[in-house]
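A.B. asks: Have a look at this one before I ask anything.
The values are calculated or read from the model by the stated rules, or taken from the named source; none is laboratory data. What you are looking at is a predicted structure, and each value in this text was computed from that prediction instead of being measured. Because the Cβ atoms are built from the backbone with ideal geometry, glycine has one as well, and the counts that use them run over all protein chains shown.
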Amino acid sequence: MAVKKTRILKYEWPTFVKDFNRQNQFRRATLTLGEKSVVGGHGLPLVGLSYNEDKRRVEIYLGGMSPENPAHMAHRVEVPRALYLIRDTEACNPVRGVQIQGAPGTDMAYVVFLDEESAKCEWTAKLAYSLYKMRGTAHGEDQRDWFEAEKIIEKIATPFIEE
């Protein structure tokens, strides 16, 4: 494995975040702070990163299973100092994740991809099952639950990739 870390210049952050989201949305990811895995031990779909220059923060959103909160903010890095793209030049999909350095004294945040496949289908299935349970487990509406889950995911995921 030939892992390479590339620092993203600050003026490139807005474009980098949109491009990163567009290329990696729905990949199975885990969030690690320092040495400790915080969210997604088995991997959750990446909804996207959000960079707010005015508020000076980067937010990391991963897919949740609750229809009320399908994209939950996994972590917020206040006053980010550096963004690094982590790549494995020998892999089919060389992007392995992103590293975000926050204010002094805070743990480094890592979003690491667990595989190269999209987790969107699995996320849709789990969300559809949650909708089924919310309806009282009445049978015969599985397609409606699936399409509703797809609509929910599309609604929350689209802003992370649009200009």
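A.B. asks: Can we say Thr106 is of a type in the set (Val, Ile, Thr) and out of contact with any strand residue (DSSP E or B) (no Cβ under 8 Å at 6 or more places or on another chain)?
C.D. replies: No: the conditions fail for Thr106.
A.B. asks: Of the residues that sit in the range 115-130 and are of a type in the set (Ser, Thr, Tyr) and assigned to a helix (DSSP H, G or I), which one is surrounded by the most Cβ atoms within 10 Å (Cβ to Cβ)?
C.D. replies: It comes out as Thr124.
A.B. asks: Just need a number here: residues in the range 104-132 that are of a type in the set (Phe, Trp, Tyr), under 17 Å from the mean Cα position of the chain (by Cα) and at pLDDT below 90. Show your work before the answer.
C.D. replies: Taking the range 104-132 first, the residues of a type in the set (Phe, Trp, Tyr) are 110, 113, 123, 129, 132.
From what is left, the residues that are under 17 Å from the mean Cα position of the chain (by Cα) are 110, 113, 123.
Then keep just the ones that are at pLDDT below 90; that gives 123.
So the answer is 1.
A.B. asks: Scan the range 51-58 and tell me whether some residue there is in contact with a His (Cβ under 8 Å, 6 or more places away or on another chain), of a type in the set (A, V, I, L, M), modelled with pLDDT of 80 or more and closer than 18 Å to Ala157 by Cα.
C.D. replies: So the first thing to find is which residues in the range 51-58 are in contact with a His (Cβ under 8 Å, 6 or more places away or on another chain), and the list is none.
No - not one qualifying residue is present in the range 51-58.
A.B. asks: Let me ask another. Here are some conditions: (1) on the phi > 0 side of the Ramachandran plot; (2) modelled with pLDDT of 90 or more; (3) of a type outside the set (A, V, I, L, M). Gln101 meets all but one. Which one does it not meet?
C.D. replies: Unmet for Gln101, out of (1) on the phi > 0 side of the Ramachandran plot; (2) modelled with pLDDT of 90 or more; (3) of a type outside the set (A, V, I, L, M): (1).
A.B. asks: Would you check which residues across the range 41-64 are among the acidic types (Asp, Glu) and in contact with a strand residue (DSSP E or B) (Cβ under 8 Å, 6 or more places away or on another chain) and list them?
C.D. replies: Residue satisfying the conditions is Glu59 alone.
A.B. asks: Condition first: closer than 29 Å to Glu150 by Cα and among the hydroxyl-bearing types (Ser, Thr, Tyr). Now tell me which residues in the range 55-105 satisfy that.
C.D. replies: Correct list: Tyr61, Ser66.
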